[in-house]
Amino acid sequence: SFIRRRRYVPRTLAWCGAKKRAAGRRYRRVLDRIMKFNRTLAAVFPHLLYAAAAASVRWMAPQFVRYACAETALISVLAVWYPVGRTVWALRKWDVGRKGGGAVEHPTKAAKATKATKVRTTRDGSWIKQQQKGATSTAAAAPKKKFASIYSPRATDEEIVLAQLQFWAAAGLLSASTAGAALLPLVERTVVAGGLAPHLRELHAGVLLWLHIPTGAAELVYRAACVPLAGAVGSASRAAAARGAGTADALDDGGELSGPFLDKIGTFLGVFVFFKTISEQTKKMLLRLVAEGYALFPALVTLGCPSFLTLYGCVYAGMVIPVVNTVRAGTSATPQRVRWLEYWCAHTLLS
């Protein structure tokens, strides 16, 4: 077609990419200048810039913002569909990279590249050496990478997965805080009587967008709130110190339990492993369930309490404990990272 012959789509994408890279370079230069003056100001500058931009849009187009938050699927896209889709893509990309050792190249492009290499090698046998020499000199002259955003192709698959863990932990903690505050009678009455529901929807959309844009907002909330919460509930390091050596290998990120208790359970299950009634993997799974079930005990207590306390127990079991386990999964083995990313996707879609 005419559009394909003129290559309008690739040219437009290339132009947008060039403008984006140029804007990123200018932004980093401004940030470097601010960092030379004050490092704290440089750390909060992206967030101040976003707050100013959001306030400006809200001031210049209030009706449009209210319509977008109330009458469109903006909040659903920011809270459900975009993060779930990005998490599924990150897990798929990470799984392909671990199994295949990297990205899979299209077979047609690979065949063309191989054919071109053979032709050039036939014409000039020193072509490969010249290309290798040029690539080595270019790599030596290239500056070191300062920062790789998760939205950049330079970010590794593991960095993208860890960034998704940070996002879900931050989003889960904010959702738990919102749900806990909404259960308070005075808060609900104040919102209804004061007509604050539209403003709260706008604030919700603004916070979700703030977590998505590459300003480090999710990492900020993760380090400032999620990590201390995990430490208060029982950090992985204290749990590993309290457990025995044999149990620590089975539960590298489990709940906070005394070592002798877990050792007794491990010894009891070891008898079944010895007689080959259960496997060693099943033993580890049961020990993990015991440790994580211990952290859910406060939610079990709320089942016999009044309804609003039971709702708080649901928030604790459905959001607070998963946030803690997500923080621990950031420093644990690969299956735990995949497990909690899949949990947040399922929890978001079902809720």
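The values are calculated or read from the model by the stated rules, or taken from the named source; none is laboratory data. Since we're looking at a predicted model, the values are computed, not measured. Counting neighbours? That spans all protein chains shown, and the Cβs are built from the backbone with ideal geometry, glycine included. Just so you know, the surface numbers come from the protein's heavy atoms only, side chains and all, with ligands and any DNA or RNA stripped out. Shrake-Rupley method; radii C 1.70, N 1.55, O 1.52, S 1.80 Å.
Residue by residue through the range 157-194, note down the ones that are free of Cβ contacts under 8 Å to residues at least 40 places away in the same chain and either among the aliphatic types (A, V, I, L, M) or open to solvent by less than 40 Å² (accessible area, probe 1.4 Å) (or both).
Of everything in the range 157-194, those that are free of Cβ contacts under 8 Å to residues at least 40 places away in the same chain and either among the aliphatic types (A, V, I, L, M) or open to solvent by less than 40 Å² (accessible area, probe 1.4 Å) (or both) turn out to be A181, A182, L184, L186, V187, V191, V192, A193.
Quick check on the range 73-106: of everything there that is at pLDDT below 90 and outside any helix (DSSP H, G or I), which residue is farthest from the chain's Cα centre (by Cα)?
Residue satisfying both the conditions and the ranking: H106.
Restricting to the range 58-83, name every residue that is within 30 Å of S351 (Cβ to Cβ), of a type in the set (A, V, I, L, M, F, W, C) and open to solvent by 70 Å² or more (accessible area, probe 1.4 Å).
If the condition is that a residue be within 30 Å of S351 (Cβ to Cβ), of a type in the set (A, V, I, L, M, F, W, C) and open to solvent by 70 Å² or more (accessible area, probe 1.4 Å), then F64, W81 are the ones that fit.
Restricting attention to the range 41-50, does a residue exist that is more than 20 Å from G206 (Cα to Cα), touching a residue at least 24 places away in the same chain (Cβ under 8 Å) and within 25 Å of the chain's Cα centre (by Cα)?
Looking through the range 41-50, none of the residues is more than 20 Å from G206 (Cα to Cα), touching a residue at least 24 places away in the same chain (Cβ under 8 Å) and within 25 Å of the chain's Cα centre (by Cα).
Is at least one residue of the range 240-256 of a type in the set (S, T, N, Q) and either closer than 30 Å to A43 by Cβ or modelled with pLDDT of 85 or more (or both)?
No, there is no match, as no residue in the range 240-256 is of a type in the set (S, T, N, Q) and either closer than 30 Å to A43 by Cβ or modelled with pLDDT of 85 or more (or both).
Would you be able to say whether some residue in the range 295-308 is within 24 Å of F268 (Cβ to Cβ), in contact with a Gly (Cβ under 6 Å, 6 or more places away or on another chain) and at pLDDT below 90? Reasoning before the result, please.
The initial filter retains those residues of the range 295-308 that are within 24 Å of F268 (Cβ to Cβ), namely 295-297, 300.
Add one more test, that the residue is in contact with a Gly (Cβ under 6 Å, 6 or more places away or on another chain), and what stays is 295.
Okay, now just the ones that are also at pLDDT below 90, so 295.
Within the range 295-308, one or more residues are within 24 Å of F268 (Cβ to Cβ), in contact with a Gly (Cβ under 6 Å, 6 or more places away or on another chain) and at pLDDT below 90.
Tally time: how many residues in the range 268-307 are open to solvent by 90 Å² or more (accessible area, probe 1.4 Å), hydrophobic (A, V, I, L, M, F, W, C) and either under 30 Å from P185 (Cα atoms) or not in a helix (DSSP H, G or I) (or both)?
4
Select from the range 310-351 the residues that are hydrophobic (A, V, I, L, M, F, W, C) and open to solvent by 60 Å² or more (accessible area, probe 1.4 Å) and write down the one among them that is nearest to A224 (Cα to Cα). Step through it out loud before you land on a result.
Here is the first cut: in the range 310-351, the residues hydrophobic (A, V, I, L, M, F, W, C) are 311, 314-315, 317, 319-321, 323-324, 327, 329, 333, 338, 340-341, 344-346, 349-350.
After this cut, where a residue has to be open to solvent by 60 Å² or more (accessible area, probe 1.4 Å) as well, the list is 311, 314, 349-350.
Values: L311: 26, C314: 24, L349: 27, L350: 28 Å.
Step by step, filter the range 310-351, then rank; the result is C314.
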